Amino acid sequence: MMMLNLFFIIATTCIEVVYSACSITPDSNGHVIIPSSMTVIPDFSYCLTLKTLTIGPQVTSVAVNALMRSGIVSLDFSTSSITNFSNGGSCFQCYSLVTLKLHPQTTNLGEATFRQCTELLEVEIPPTVTSFPGPTFDYCRKLNKVTFRNIMNSKITSIGSYGFANTQITEISIPPLVTTIGTQAFGKCRSLTKVIFTAGCTSTAVLSFSFNNAFEGSSLKTFTLPPSAICTDCAAFTVSRFDCSPTLTPTPNPTVAPTSAPSESPTPVPTQVPTTASPTSRPTFSPSEHPSAYPTVEPSTEPSAAPTTSAPSVQPTLGQDDCIAGSYYNTDMLSCEECTSGYYSTRAQASCTGCPLGKASQDYGASACTSCEVGTYSAITGATECIQCSPGFYSVRGATTCLSCPAGFFSLASVFPCTQCPEGKYSAAGASLCTKCEPGAYSRVGDSACEISCALN
């Protein structure tokens, strides 16, 4: 009878077992250094004590679901060799992830890689990314800033379904080669009020999308389109078109965007309404761990447009003349690439130039270098930052070296000009402080030595 009661208690009691896979035990600060012998980030799923990782250049990939539901707070892939997340789901449901830095040569962001990273605040996407299958950042509920770095040279041609859905982004600039925006790519982005499509006037890529399909549930009020863009459901909105001047500056144009059914045109405009594509590969999750399937889209009550085909997308071949200031023409890649820190370029350059002496540049893609401020200097070509003068020395703006304060002056913190020593004090050249005269001696303002005040008997 006792055995029967014990069985009943066990059978009717819900016991939650929390699985933890800390392949490497984090230290007391939650930090893990991936060993130099490892080339793959191992399984840390559900490892709640993990906070940060040091990933060396020998690491080339991430195991499937490696960081899923871990306690990771900050991820920096720029120090690794990880450029492809095609296995997907590696950071799925990283609920504590706040900061993310991708490798500058990343090519594939993968499917659901950072989905439901609910604390992630911003992300910068390198121009080398070509594949964005979605729902890469879906349900990153605090994500409020998305930047496509060096956007005019971005290689992205499509934004996948639910790519940025359910985020807090307020505005977004779409790279110029994008021709497809997937179903609900920005769905329920309730803070989204501005979208700019950056395709230039010379682009032959034809962007075709449905406003209600791609941006449903957003608060979009204004957006800027390239001349070749075809947008259905846009007639009710204020639309800007690119002013086809060399500066490619978007300016408001009263022209109303074409509707889905241009009745007066003798030749139908090719349109292509994005449809929901079935994912080709999904990250492996158990049924209890995986959230519900992609949010369903309610059937539209609008009459559907007749099936049409879009014009073929042809990517333009870039030449040196197409390179904007801050970039150079890479003859191997046949593309414009950003200048690195410490270098700059003007428009249509074959190479970047190192910042001259007395100047520096910390930014990528600089069109000019910045002169060193007063109290700092730069003595090398290609400097990324200016160096502060030591106490007792000073410099003017744009200096290539620091000069010592003259005798009778001092400088405590690289201040220019140096300050004169007051009465009763003196200094030698290069002094950071003035020295008080001995009893029986005196000095005037700016003296380099003290004098005896009276004759000795």
Mind checking the full-extension length gain between SER191 and THR401? Use 0.36 nm per residue of separation minus the Cα-Cα distance, one decimal, nm. 70.6 nm
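Report the gain in length on full extension from GLN105 to THR60: 0.36 nm times residue separation, minus Cα-Cα distance, nm rounded to one decimal.
Values: separation 45, 0.36 × 45 = 16.20 nm, distance 1.22 nm.
Once the chain is fully extended between GLN105 and THR60, it gains 15.0 nm.
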Just need the relative contact order of the stretch 59-196 here, percent rounded to a whole number, with Cα pairs under 8 Å and 6+ apart. 17
Would you work out the relative contact order for the stretch 405-449, in percent, from Cα pairs under 8 angstrom that are 6 or more residues apart? 44
Once every Cα of the stretch 405-449 carries one equal point scatterer and solvent is ignored, give the base-10 log of I(q)/I(0) from the Debye formula at q = 0.24, 0.32 Å⁻¹, two decimals. -0.68, -1.07
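For the stretch 322-403, what Kirkwood radius comes out of the mean inverse Cα-Cα distance, in Å?
Details: mean 1/r = 0.0772 Å⁻¹.
This gives a value of 13.0 Å.
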Compute the distance in nm between two label points, each set 7 Å from the Cα along the Cα-to-Cβ direction, one at LYS145 and one at ILE380. 2.9
Give me the lysines in straight-line cross-link reach of LYS145: C-alpha distance below 29 Å, same-chain residues under 8 apart excluded. LYS51, LYS101, LYS155, LYS188, LYS194, LYS221
Only counting other Cβ atoms within 10 Å, I'd like GLU337, GLU124 sorted with the fewest neighbours first. GLU124, GLU337
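Can you sort ARG69, ARG444, ARG190 from fewest to most other Cβ atoms within 10 Å of each residue's own Cβ?
On the way: ARG69 22, ARG444 14, ARG190 11.
Starting with the residue having the fewest Cβ neighbours, the order is ARG190, ARG444, ARG69.
Taking other Cβ within 10 Å of each residue's Cβ, how do ASP447, ASP321 sort, fewest first?
Details: ASP447 21, ASP321 8.
Exposure proxy ranking, most exposed first: ASP321, ASP447.
None of the figures in this text is laboratory data; all of them are computed from the coordinates on show. The shown structure was predicted, so the numbers you read here are calculated from the model rather than taken from an experiment. Backbone-built Cβ (ideal geometry, glycine too); neighbour counts: all protein chains shown.
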